[in-house]
Amino acid sequence: MSVTADDEGFMASAIRLSRRHLGRTATNPSVGCLIVRDGVVVGSAVTALGGRPHAEPQALAEAGELARGATAYVTLEPCSHHGKTPPCAEALIAYGVARVVISVTDPDPRVSGRGIAMLRQAGIEVDAGVLETEGRRSLAGYLTRQTKNRPYVTLKLAVSADGMIGREGEGQVTITGPEARAEVQALRAESDAILVGIGTAIADDPLLTVRTPGLEAQSPIRIVLDPSLALPLTSKLVQTAREVPVIVVAREDVSLLEAEGLPPSALPGISPTRGEIGKERDPHSQASDDDFASRQDVEQRASPLPISPPVGEMPGRAEGGIPPTDATDIDSRRTALEAAGVEIVYCNPYHPEILLPALATRGISSLLVEGGAKTARLFLEADLVDRILLYQAPGVIGEGGIESPLQATDIPSGFMHMSTRMFGDDRLDEYERGL
């Protein structure tokens, strides 16, 4: 049977449905499924919060007997292996669907092609690749973690009309208007983790949570590149670490300083309670200890424009922020951070090619890089950005501004312009690489 316009319409609906639980299904992808009989949707579902149950058995259960002879529209190939739940392909067979339409074939070697083969062997007609480009975009985090062993990285920048992202030395800057800021809250809610550098964490003292009413529980894991454990204990991030997880990424030689005379739990290695990652400095790195020290402040400091800041992220600087200098100080700071609920991992913060696979092993599939010019450059120069969201505002920052690492006129090669949207007076241009 050839693919029809109706097939594309139902698949588009399944893809929209799949986005409902982005960032909330743990290591499983957020998949949408529709059961359609005689042109009417009789069952629909998205992968449940936490990743189980999958979309297909939920949609089939809703359809009940109406699933027999119906068509199932699924954004990702139904699984064929026995994990913590039975294979979704078996459920489709058991309910007697006549046809399955799939957007994206699963790259997971346990599934890839096997789910389709299982369905066809049962006499079910299968059409794959329907709205595949759109389907891959909705599954970008999962596909990137499966095929590249790292999270899908989105870089978000808000740039003034004169090309600045902040003002030197004054704290957080509010560049975009309330409509654009609300959109960023939705973006955070769809992300597994959000990352800033220690300069932004100290200068702005941000929460980095989702503040949209009803979506607060979807706040992402908060990650700070903090090579020397300089994150102030009075910061909003530390003070809320037991409510929303905070990971501090310290460099490996900090771990080695701790190890001198400290108990075995402080030694580098994998620990279920501390989760250290990256036992050694990148062997390809030529940087000396002095180089690391000189790069310690990974962010330029931003400052507020004379308009109201985002609710919950008042500009200001948390007390402290001075890096500890010896093993005793570092152990004291580590103990205090961990006592507050902060997790410390040891993985060179300035080598995202090492950090990102380590985050993937923790089930992080999508990462939003949101803070600081130097952090943005770090990921851009490592060629590890998959999507760029460039907000351009009409306001001017003027003297003392921090120049944006990226403008609409110098988007790196390999990115395609996907869309332009307006949020009040602010313009958002979205650029993506092919998956």
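Quick notes
- Across the stretch 314-337, the number of residues qualifying as modelled with pLDDT of 90 or more and open to solvent by 50 Å² or more (accessible area, probe 1.4 Å) comes to 2.
- Neighbours by Cβ (under 6 Å, 6+ apart or cross-chain): first from the stretch 84-105, farther than 20 Å from residue 48 by Cα; second assigned to a helix (DSSP H, G or I) and open to solvent by 10 Å² or more (accessible area, probe 1.4 Å): none
- Residues in the stretch 396-412 that are open to solvent by less than 20 Å² (accessible area, probe 1.4 Å), farther than 22 Å from residue 207 by Cα and either in contact with a Pro (Cβ under 6 Å, 6 or more places away or on another chain) or β-branched (Val, Ile, Thr) (or both): 397 alone.
- Test: residue in the stretch 132-150 that is surrounded by 24 or more Cβ atoms within 10 Å (Cβ to Cβ), at pLDDT 95 or above and assigned to a loop (DSSP other than H, G, I, E, B): yes
- Taken together, the residues in the stretch 338-384 that are touching a Pro at 6+ places or on another chain (Cβ under 8 Å) and aliphatic (A, V, I, L, M) amount to 13.
- Residues satisfying the criterion are present in the stretch 193-200 (criterion: buried (at least 23 other Cβ atoms within 10 Å of the Cβ), part of a helix (DSSP H, G or I), out of contact with any helix residue (DSSP H, G or I) (no Cβ under 9 Å at 6 or more places or on another chain) and not hydroxyl-bearing (Ser, Thr, Tyr)).
- Conditions (1) within 19 Å of residue 253 (Cα to Cα); (2) assigned to a helix (DSSP H, G or I): number failed by residue 360: (1)
- Here is the figure for the stretch 182-211: residues that are basic (Lys, Arg) and at pLDDT below 95 total 1.
- Where a residue in the stretch 413-434 is at positive phi and its partner, wherever it lies, is hydroxyl-bearing (Ser, Thr, Tyr), with Cβ under 9 Å and at least six apart: 424/176
- Those residues of the stretch 50-83 which are open to solvent by less than 20 Å² (accessible area, probe 1.4 Å), in a helix (DSSP H, G or I) and touching a Cys at 6+ places or on another chain (Cβ under 9 Å), in sequence order: 55, 56, 59, 60
- The requirement of being farther than 26 Å from residue 349 by Cβ, open to solvent by less than 20 Å² (accessible area, probe 1.4 Å), outside any helix (DSSP H, G or I) and hydroxyl-bearing (Ser, Thr, Tyr) is not satisfied by residue 154.
- Only a single item in (1) touching a Ser or Thr at 6+ places or on another chain (Cβ under 7 Å); (2) surrounded by fewer than 18 Cβ atoms within 10 Å (Cβ to Cβ) is not met by residue 32, and it is number (2).
- Test: residue 14 is surrounded by fewer than 22 Cβ atoms within 10 Å (Cβ to Cβ), under 23 Å from the mean Cα position of the chain (by Cα), at pLDDT 95 or above and at negative phi: no
- Odd one out for residue 111, checked against (1) open to solvent by less than 10 Å² (accessible area, probe 1.4 Å); (2) farther than 24 Å from residue 149 by Cβ: (2)
- Annotation note: Cβ proximity below 6 Å between a residue of the stretch 36-47 that is farther than 11 Å from residue 72 by Cβ and a residue that is of a type in the set (Val, Ile, Thr) and in a loop (DSSP other than H, G, I, E, B) (sequence gap 6+ or interchain) occurs for 47/25; 47/31.
- Number of the exception - residue 393 against (1) in contact (Cβ under 8 Å) with a residue 60 or more places away in the chain; (2) open to solvent by 40 Å² or more (accessible area, probe 1.4 Å); (3) farther than 22 Å from residue 223 by Cα: (2)
- Residue 111 at pLDDT below 95 and either under 30 Å from residue 69 (Cα atoms) or in a loop (DSSP other than H, G, I, E, B) (or both): yes
- The set of residues from the stretch 60-83 being modelled with pLDDT under 95 and out of contact with any His (no Cβ under 9 Å at 6 or more places or on another chain) comprises 80, 81, 82, 83.
- Positions within the stretch 212-242 being among the basic types (Lys, Arg) and either modelled with pLDDT under 95 or crowded, with 21+ Cβ neighbours inside 10 Å (or both), in sequence order: 222, 236
- Residue 86 meets the stated requirement of being at pLDDT below 95, over 26 Å from residue 357 (Cβ atoms) and in a loop (DSSP other than H, G, I, E, B).
- Selected residue (criterion: modelled with the lowest pLDDT) from residues of the stretch 168-181 that are open to solvent by less than 40 Å² (accessible area, probe 1.4 Å) and closer than 19 Å to residue 377 by Cβ: 173
- Residue within the stretch 93-104 that is under 30 Å from residue 406 (Cβ atoms) and touching a Leu at 6+ places or on another chain (Cβ under 9 Å) present: yes
The values are calculated or read from the model by the stated rules, or taken from the named source; none is laboratory data. Small disclaimer: the values here were computed from a predicted structure and weren't measured. Positions of Cβ are generated from backbone atoms using ideal geometry, with glycine treated the same way; all protein chains shown enter the neighbour counts. Note: accessible area is taken over every heavy atom of the protein model, side chains too, but ligands, DNA and RNA are not part of it. Shrake-Rupley method; radii C 1.70, N 1.55, O 1.52, S 1.80 Å.
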